Amino acid sequence: LFNRNIDPMTEVMTAVGAYEAIYAAITAFINEGDEAVVIEPHFDCYAGDMELSGGKLVRVPLRPSGDGKYAKNWTLDKQEFEAAFNERTKLLITTTPHNPVGKIFSREELEYIGSVCKKHNVIILSDEVYERVVFDDNEHARIGSLPGMWERTLTIGSAGKTFSVTGWKIGWALGPANLISQLQHVSSCSTFTAPTLLQEAVAGAFEYERGVAQTDEAYFKWLPGKLQQNCQMLADAFSDIGCTPVWPDGGYFMLVDTANMGWDFTELNTGRCYDVDCVKWLTREFKLATIPISVFYGDQNRHLAAKYIRVCCAKSDETIEKACQIIRSLKK
């Protein structure tokens, strides 16, 4: 995975889900007054963990460039990104495949991100829990595998996302021994260990997958194909009613721009963002559960969420088919 042999005793830490691995990394390297740069929109736990450690999260948004209907075209402004770093910056937090945008950062983009982190001597926390869900001919490049990046990168993985067993809460962090040891200190003083039986089950699943790799028996082959099919069905349904789906490169989720629908919730006077009122309305009136995108932003950039909502493609055939029926019933 990283063009190197990995020592399982010193360069791997198992955790109670990827959530704990992320918590351990932030707790280990962020002290009061330290800063971490994060690419937003971003998973909400980063902000909570930073707050617990007394650190400051400095957010740099992805912005649609060119044809924003494709997640790969949501990019960083390099000047804005580089300006976010200073002498207090200790971490860069990134996600690929990205939640919620669905973008997979290209090798060239990761090389650029890595060069900035190297310049400022910053540790990279790379959340890669959706690494096995890659659509079309996209490539999931691991920033920790790039030249000179292993030494400063912590890569986070999740059995829950890898094998669709999110309730098991088994995750891991991979990285150089001098960094992993600090996460192990945090873990030993909090959860202490992840359940042994579940670790054994996950190890068995990996061993099975290794034996059937690239065959029709491989779950890692079936999973991205199935989720891409689900995304396509949902994208077609939303397109039919006038919404604009943002086609993902991979992951569990897809953004949908509802701006063309003309929905207006201002008369509700809730004081909430449009997307929050929108998803509450869709859930209450139509039993269609989605997620508002504004919750993945800080206050400064929340306006960039505009009228986007997030839908989940990791659902049963029955649920996807029912959702498509409901979506098409929303047509003006």
Does Gly148 fit the bill of being among the small types (Gly, Ala, Ser) and in a loop (DSSP other than H, G, I, E, B)? yes
Would you say Ile39 is touching a strand residue (DSSP E or B) at 6+ places or on another chain (Cβ under 8 Å), of a type outside the set (Gly, Ala, Ser) and either more than 26 Å from Arg310 (Cα to Cα) or surrounded by fewer than 18 Cβ atoms within 10 Å (Cβ to Cβ) (or both)? no
Hey, Arg328 open to solvent by 80 Å² or more (accessible area, probe 1.4 Å) and under 13 Å from Phe238 (Cα atoms) or not: yes
Under 25 Å from the mean Cα position of the chain (by Cα), modelled with pLDDT under 95 and not aliphatic (A, V, I, L, M): is that true of Arg310 in this structure? no
Could you list all residues from the range 132-169 that are among the β-branched types (Val, Ile, Thr), more than 15 Å from the chain's Cα centre (by Cα) and over 20 Å from Ala28 (Cβ atoms)? Val165
Of all residues in the range 8-36, how many are open to solvent by 20 Å² or more (accessible area, probe 1.4 Å) and of a type in the set (Gly, Ala, Ser)? 2
What helices (runs of 4 or more DSSP H) lie completely within the range 35-124 and have 2 or more residues being modelled with pLDDT of 95 or more, within 14 Å of the chain's Cα centre (by Cα) and farther than 19 Å from Ile156 by Cβ? none
Test of understanding: among Val202, Val256, Val246, which residue is over 22 Å from Asp67 (Cα atoms), surrounded by 13 or more Cβ atoms within 10 Å (Cβ to Cβ) and aliphatic (A, V, I, L, M)? Val202
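Yes/no per residue for (1) free of Cβ contacts under 8 Å to residues at least 24 places away in the same chain; (2) open to solvent by less than 10 Å² (accessible area, probe 1.4 Å):
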position: Lys103; (1), (2): no, yes
position: Gly114; (1), (2): no, yes
position: Ile124; (1), (2): no, yes
position: Ser164; (1), (2): no, no
position: Gly167; (1), (2): yes, no
position: Ala173; (1), (2): no, yes
Considering the range 259-270, residues that are in a loop (DSSP other than H, G, I, E, B) and modelled with pLDDT of 85 or more, and then whichever is most open to solvent (accessible area, probe 1.4 Å), we arrive at Asp264
Taking Phe135 as the residue in question, decide whether it is at pLDDT below 95 and either touching a strand residue (DSSP E or B) at 6+ places or on another chain (Cβ under 6 Å) or open to solvent by 10 Å² or more (accessible area, probe 1.4 Å) (or both). no
Just checking, how many residues over the range 288-332 are over 18 Å from Met261 (Cα atoms) and part of a loop (DSSP other than H, G, I, E, B)? 9
Test of understanding: among Thr319, Thr290, which residue is within 21 Å of Trp247 (Cα to Cα), in contact with a helix residue (DSSP H, G or I) (Cβ under 6 Å, 6 or more places away or on another chain) and among the polar types (S, T, N, Q)? Thr290
Test result for Phe85, touching a residue at least 12 places away in the same chain (Cβ under 8 Å) and within 27 Å of Gly17 (Cα to Cα): no
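The values are calculated or read from the model by the stated rules, or taken from the named source; none is laboratory data. In this text, all values refer to a predicted model and were calculated from it rather than measured experimentally. Note that each Cβ is placed from the backbone with ideal geometry, even for glycine, and that neighbours are counted across all protein chains shown. The accessibility values were calculated without ligands, DNA or RNA, using every heavy atom of the protein model including side chains. Shrake-Rupley method; radii C 1.70, N 1.55, O 1.52, S 1.80 Å.
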